[in-house]
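None of the figures in this text is laboratory data; all of them are computed from the coordinates on show. This structure is a prediction, so every number in the text was calculated from the model and none was measured. Here the Cβ positions follow ideal geometry from the backbone for every residue, glycine too, while neighbour counts run over all protein chains shown.
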2 protein chains.
Amino acid sequence: MNSKPSKSYHHGNLRKALLEAAELELIEKGVEKFSLRGVAKRAGVSHAAPAPHFGDVTGLLSALASVSFKRFAQAMQSSSDAVEDNHPEKSKAKLVAIGMGYIKYASEHSDMFDLQFSSERIDPSKAFLEKLSSNSYDVLEAHVQAVLQLDDRKLEDEPDAAPMMWATTHGLASLFARRKRNGGPQGQELQDAFERILWRTANAI
Amino acid sequence: MNSKPSKSYHHGNLRKALLEAAELELIEKGVEKFSLRGVAKRAGVSHAAPAPHFGDVTGLLSALASVSFKRFAQAMQSSSDAVEDNHPEKSKAKLVAIGMGYIKYASEHSDMFDLQFSSERIDPSKAFLEKLSSNSYDVLEAHVQAVLQLDDRKLEDEPDAAPMMWATTHGLASLFARRKRNGGPQGQELQDAFERILWRTANAI
DNA sequence: CAAATATCTTTACACTGTCAAGTTAAATCT
DNA sequence: AGATTTAACTTGACAGTGTAAAGATATTTG
């Protein structure tokens, strides 16, 4: 009757609880001061309880990074979907929206974003992370392809287009995330500037 | 007579020795597993010896990051200087060279690069780091200015130009540094692609 | 209902950064 | 120059970390 694959147990569903506790720990302490024992304490279990579920701290953080990757791809996708169908430059607008979703996620969830892209405490070579990472890239690449098709070009003809768009977007996102971490300015003007830059880049591919 | 501000002492010049040991430690262990006691051991001193010179581990790593920032700006500058004076598109070629120097540094010294830009173990709000960081940016901005002047434009007229160039460059550099960390491909073709992308971006500002 | 298995706790260990109190050498001051 | 202050370094201690091993407990399996 209980159709969901419940790991029911002493605790009920510790794996999920640990992931939620880990996210809180990450937000409050940052990647560097993130502590496995702190997570266990938040979840109300002993410090060695996470081991059966995640192995070591890298395993837990990698699992958390995969949660983040899914939300990240989702954020890009829904940002793209929010572009109206009758937009005069629909394809490019969608590509820019992808970029803005990318940047918005980096700024609103800078800790999760940093965990994904620049933490040594995860293992990016884990298969599920490589898969999710390339999935995220594919979202952007698909939109680049749509833009190229406006001029009857293909991805194979323009192998630099998607990396260029990605690099600019990622650079802006890193810049924004760092700004936020260091308490720098992050107002609407900055967002507008980023959008203009993305437009320029979309027009240059 | 001894004109240099020698901190001569028991050890001779422990501050310098610690910085060199710290760089080795960083390269071998990575930012995350970098250990203050490991550095002290390398330098042949007790584990608390670094304290008088650097305070805590953040102080030592911040000092190391400032060493890296200086080399980084130097690498960009000399990469720009290597462009011949009679180059047909000298200004743009220099700007691209700046970017390639940026990327080359990130790829050849990925640990130091990551330390500068994405480690929580340094304190980027330290005055000397903010200074060096903005100095590095100024090198790039100055070259953007030179490119804009080709069309009688000014930095104030094009406030997005320098951030755009920086974002693309930084995005490519992060991508490259990560590739290297994860053992991905990093051949000449990739370098060529990056250079083409930088040219496109330089032409789009 | 017994046996096996997976989850969780407890205990232990090596390691970390940092603080406080000594020790030693260099610099400063009459 | 000799005493005193100051700075560099050592030693010892402490709380905290991750992880491995062994024991307890409940769930699943046979």
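How about the stretch A:141-205: which GluC sites (Glu not before Pro) there are in a DSSP loop, with at most 12 other Cβ atoms within 10 Å of their Cβ?
A:Glu156
If one takes the longest principal axis of the Cα atoms in chain B, at what angle in degrees, from 0 to 90 and to the nearest 10, does the Cα axis of helix B:57-81 lie?
On a 0 to 90 degree scale, this one is about 30.
Please compute the alpha carbon radius of gyration of the protein assembly as shown, then divide it by the globular-protein estimate 2.2 N^0.38 Å. Two decimals is fine.
Its radius of gyration relative to the 2.2 N^0.38 Å reference: 1.07.
Specify the inter-centroid distance of the stretch B:8-68 and the stretch A:14-34, based on alpha-carbon positions, in whole Å.
Each part's Cα centre sits 30 Å from the other's.
State whether the stretch B:113-205 is rounded, prolate or oblate according to the following rule on the C-alpha gyration tensor (a ≥ b ≥ c being the square roots of its eigenvalues): a/c under 1.5 gives rounded; otherwise a/b larger than b/c gives prolate, and the remaining case gives oblate.
It is oblate, given that a/c is not under 1.5 and a/b is not larger than b/c.
Need one number for the stretch B:1-159: average projected area of the convex hull over its C-alpha atoms, nm².
In nm², the orientation-averaged hull projection of the stretch B:1-159 is 12.5.
May I ask for the angle, rounded to the nearest 10°, between helix B:188-204 and the longest principal axis of chain B, with both axes built from Cα atoms and the value confined to 0 to 90°?
60 degrees
Round to the nearest 0.05 the FRET efficiency obtained for B:Ala142 and B:Glu89 when R0 = 22 Å and r is the Cβ-Cβ distance.
0.85
Give me a single rounded figure for B:169-175: the average over its residues of other chain Cβ atoms within 10 Å of their Cβ.
6
For the stretch A:72-139, state which GluC sites (Glu not before Pro) are in a DSSP loop and have at most 10 other beta carbons lying within 10 Å of their beta carbon.
Answer by residue number: A:Glu84.
When Cβ neighbours within 10 Å are restricted to other protein chains, what is their mean count per residue of peptide B:71-81?
Average per residue, whole number: 0.
Please report, for A:Arg15, the nm distances (one decimal) from its label point, 7 Å out from Cα along the beta-carbon direction, to the equivalent points in the remaining copies, shortest first.
Ordered by distance, the counterparts are at 5.4 nm.
Which loop-located chymotrypsin sites (Phe, Trp or Tyr not before Pro) does the stretch B:9-68 contain, where loop means any DSSP state but H, G, I, E or B and the Cβ has at most 10 other Cβ atoms within 10 Å?
B:Tyr9
Which links in A:Lys41/A:Lys70; A:Lys180/B:Lys126; A:Lys29/A:Lys104; B:Lys70/B:Lys94 stretch past 24 Å when you go from one Cα to the other?
A:Lys41/A:Lys70
Nm distances between the label at B:Gln188 and the same-position labels in the remaining copies, 7 Å along Cα→Cβ, shortest first?
5.2
Helix A:14-33 versus the longest principal axis of chain A: what is the Cα-based angle in degrees, 0 to 90, to the nearest 10?
It works out to around 70 degrees.
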